[in-house]
Amino acid sequence: MEPQSRVYVAGHRGLVGSALVRRLEAAGHRSILKRTHAELELGDAAAVRRFFETEKPEYVFLAAAKVGGILANNTYPAQFIAENLAIQTNVIHEAYRAGVKRLLFLGSSCIYPRDCPQPIKEEYLLTGPLEATNRPYAIAKIAGIEMCWSYNRQYGTRYLSVMPTNLYGPGDNYDLQTSHVLPALIRKMHEAKERGEREVVVWGTGTPRREFLYSDDMADACVMLMNLPDERFDFILAQYQPPLINVGCGEDVTIRELAETVAKVVGFQGKLVFDTTKPDGTMRKLLDAGRLQELGWKQRVSLHAGIVSAYSAFVSDQYAELD
Ligand code: GDP
């Protein structure tokens, strides 16, 4: 990408999309295309076609999706499959019609079978049953990976799928009904501290393990991939079938350890109570990020430092809302 390249970040207000925009702006990009949901409904094929025909993006980061935590996935399964299939079908197809140079399709580690060997390699895709709590989302994303690969084979496009581990960072979703675990714990512990409460409820048994990556690190990996020289990018597309790269840091923690770290950062000194009526979800999903590491990428923000930054962004957003 050149500084003047027309780069479309689909989902620029989301956790990854906003990190991508920060990263691209810092690198001097001057033509970042952004549309809010109100300005462009990505589920509307005709609107997406008009957008691509008029704006002619050269590079696309497809970070727009219907996303949510374990409860949201369980509550809105129809929307998770239907909206994600529509968004990705429209964007991937119109990107092809418009002759986009490269596209990165973003998903998540829940595409892999529930009982995979760990750490999870890309080739384990479609080798076993999925975790039930987010199967509709996962199947939509798997369809997107297959679609990128098929378009590459039939139309010669350059589409690469990128699957991050659990992400967190500034601008995360802090709604306790729909959020992922890390923002939920930050909010619960902050509010418990403010109100002088002695207990915080953590869902599940606390024993599942999760790997977490700061959103700026994810953005960094995506921009590095998008900027690979042509021969390298094409080599990846040809070598990996489907063309898929995991993004993770290689270390995971139990939900209990995570809760203890968040409590320390937030300064909550009360007790953790585990609500075992809530689902644990998959017991472990640690990604093998070997393909990415081979390209020279490294995590920059440790879990502790990332939680400190995310917590400070959360607190300043709260004050901004009060103003
Ligand atoms: P998952 O990684 O797709 O399973 O999604 P989540 O981030 O929502 O949940 C990860 C794990 O954290 C699950 O075992 C949850 O039960 C557990 N967890 C503990 N407390 C919470 C909470 O307050 N909110 C959420 N979303 N998950 C929690």
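Side notes on the structure shown:
- Scoring 219-232, 63-76, 35-48 by mean Cβ neighbours within 10 Å over their residues and listing the highest first yields 63-76, 219-232, 35-48.
- Most mobile listed residue (VAL162, VAL60, VAL265) in the chain, GNM with C-alpha springs under 10 Å: VAL265
- Most mobile of GLU191, GLU294, GLU55 in a GNM of the chain (Cα contacts under 10 Å): GLU294
- GNM top mover of ALA19, ALA289, ALA305 - the chain, alpha-carbon springs below 10 Å: ALA305
- Seen from ASP220, the other residues with C-beta closer than 11 Å to its C-beta sum to a net charge of +2, counting Lys and Arg as +1 and Asp and Glu as -1.
- Within the chain, DSSP assigns beta bridges of which about 5% are antiparallel (rounded to the nearest 5).
- Divide the volume of the convex hull around the Cα atoms of segment 84-233 by the residue count and you get 142 Å³ per residue.
- What separates the Cα centres of segment 58-93 and segment 215-269 is a distance of 19 Å.
- Per residue, the average separation of C-alpha pairs within less than 8 Å and at least 6 apart gives segment 27-128 a relative contact order of 30 percent.
- Fewest neighbouring Cβ atoms within 10 Å first, the residues ASP216, ASP288 line up as ASP288, ASP216.
- Distance distribution note for segment 197-323: the fraction of Cα pairs above 26 angstrom is 39%.
- Computed about its Cα centre, the charge dipole of the chain is approximately 180 debye, with only Lys, Arg, Asp and Glu carrying charge at their Cβ.
- Given charges at Cβ of Lys, Arg, Asp, Glu: segment 131-215 dipole, positive-most of ALA184, SER215, ASN152: ASN152
- Straight-line reach from LYS66: taking Cα to Cα under 23 Å and skipping same-chain neighbours fewer than 8 places apart, the lysines in range are LYS34, LYS141, LYS278, LYS285.
- Over segment 1-160, the alpha carbon radius of gyration divided by the compact-protein estimate 2.2 N^0.38 Å works out to 1.05.
- Mean sequence separation of contacting Cα pairs (under 8 Å, at least six apart), scaled by the length of the chain, corresponds to a relative contact order of 20 percent.
- DSSP-defined beta bridges in segment 142-280 - what % are antiparallel, rounded to 5: 15
- For segment 1-66, relative contact order (Cα pairs under 8 Å, six or more residues apart, normalised by length) works out to 50 percent.
Just so you know, all these numbers are worked out from the coordinates, no wet-lab data involved. Quantities reported herein were computed from a predicted structural model and do not represent experimental measurements. Don't worry about glycine lacking a Cβ; one is built from the backbone with ideal geometry, like all the others, and counts go over all protein chains shown.
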